[in-house]
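Peer 1: Handing you a structure now.
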Amino acid sequence: MLEGKVALVTGASRGIGKAVALDMARLGAKVVASARNTELLDALVSEIQSAGGEAVAVVGDVAVTADADQLVARALEAFGRVDILVNNAGITRDGLLLRMKDEDWDAVLDTNLKGAFLCSRAAAKVMSKQKQGRIINISSVVGEMGNAGQVNYSASKAGLLGLTKATARELARRNVTVNAITPGFIVTDMTEGLSDKAREGLTSQIPLGRLGTVEDVAALVAFLASDQAAYITGQILGVNGGMYM
Ligand code: NAP
């Protein structure tokens, strides 16, 4: 489904990003995997290569302009083009509004929103020239609904939806589509800290009666990256078990 495509995935060392990178490689894409943790990225690249795929690791922080530019430069060096960018890197620094520290606001906005802007800007230069590209932003259901204790995270994820739509309008004429996925609660390190009670409470609000898996999200990323999704742009697609409709 993605043979010959070059896919850049941020936050690929763990969780959803790792599942997306593995799935894209399985579907024939050459993968450029990025995050800050060298060991985990190297292990991912080895896993892809031992399954017969092609991948390179690029260590970097998405919130740093030089790192985002370097990510695209390294993809070009390794594989000559950039067809798909998955802006997946993200963090939480939860706290109630009245107690939230400036640093926690800035860290979350810098990684989740500025990071996606920096990587999109760098990749869009290449995609515009190619007249071909797909940008997929991993937002969150919390960007649509809000969540107490997550004003910074909710704002960053809602901001990503605006970034998605504006970028989709700008790049459509260049045959670059831009879409956002809003996962609900997905089982990863990010949600591991939940108590059993919190987990039960959450599950009771999900019509499909379970938390999501990383594969549930990766399947939609693969579809949006494929030729079958050529006429879909500027859209927000939920993968949330029905918890927000
Ligand atoms: P995770 O397991 O905590 O993984 C986060 C990934 O982002 C890691 O690979 C991490 O790698 C990378 N990362 C964090 N800060 C970075 C930075 N400054 N520069 C580069 N990479 C960075 O989280 P996850 O659950 O897979 O979440 C992935 C995305 O889905 C996030 O955007 C998250 O907000 C979103 N999401 C998750 C859920 C959920 O329920 N899990 C729900 C909705 C949306 P390093 O630490 O090695 O840099």
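Peer 1: Which residue, of Ala12, Ala25, is buried (at least 17 other Cβ atoms within 10 Å of the Cβ) and either within 15 Å of the ligand (Cβ to nearest atom) or touching a residue at least 60 places away in the same chain (Cβ under 8 Å) (or both)?
Peer 2: Step by step, each of Ala12, Ala25 is checked, and only Ala12 is buried (at least 17 other Cβ atoms within 10 Å of the Cβ) and either within 15 Å of the ligand (Cβ to nearest atom) or touching a residue at least 60 places away in the same chain (Cβ under 8 Å) (or both).
Peer 1: When both residues are 6+ apart or on different chains and their Cβ atoms are under 8 Å apart, which pairs have a first residue that lies in the stretch 115-134 and is more than 14 Å from Ala68 (Cβ to Cβ), and a second that is β-branched (Val, Ile, Thr) and at pLDDT below 95?
Peer 2: If the second residue must be β-branched (Val, Ile, Thr) and at pLDDT below 95, no pairs are left.
Peer 1: Looking at Glu192, Glu215 in this structure, which one is near the ligand (Cβ under 10 Å from one of its atoms) and surrounded by fewer than 17 Cβ atoms within 10 Å (Cβ to Cβ)?
Peer 2: Just one listed residue meets the conditions, Glu192.
Peer 1: For the stretch 122-142, which residues satisfy the criterion of being within 16 Å of the ligand (Cβ to nearest atom) and of a type in the set (A, V, I, L, M)?
Peer 2: Hits for the stretch 122-142 are Ala122, Ala123, Ile135, Ile136, Ile138, Val141, Val142.
Peer 1: Filter the stretch 28-37 down to residues that are more than 8 Å from the ligand (Cβ to nearest atom) and not charged (D, E, K, R) and give me whichever is nearest to the chain's Cα centre (by Cα).
Peer 2: So the residue we want is Ala33.
Each row is one residue, and each column tells you yes or no for (1) crowded, with 20+ Cβ neighbours inside 10 Å; (2) more than 16 Å from the ligand (Cβ to nearest atom); (3) aromatic (Phe, Trp, Tyr); (4) assigned to a loop (DSSP other than H, G, I, E, B).
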| position | (1), (2), (3), (4) |
| --- | --- |
| Ala21 | yes, no, no, no |
| Glu39 | no, no, no, no |
| Glu47 | no, no, no, no |
| Val58 | yes, no, no, no |
| Ala63 | yes, no, no, yes |
| Leu71 | yes, no, no, no |
| Ala78 | no, yes, no, no |
| Val86 | yes, no, no, no |
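Peer 1: Does Ala158 count as part of a helix (DSSP H, G or I) and loosely packed, with under 14 Cβ neighbours inside 10 Å?
Peer 2: Against the criterion (part of a helix (DSSP H, G or I) and loosely packed, with under 14 Cβ neighbours inside 10 Å), Ala158 does not qualify.
The values are calculated or read from the model by the stated rules, or taken from the named source; none is laboratory data. Because the structure is predicted, anything quoted here is derived from the model rather than measured. Note that each Cβ is placed from the backbone with ideal geometry, even for glycine, and that neighbours are counted across all protein chains shown.
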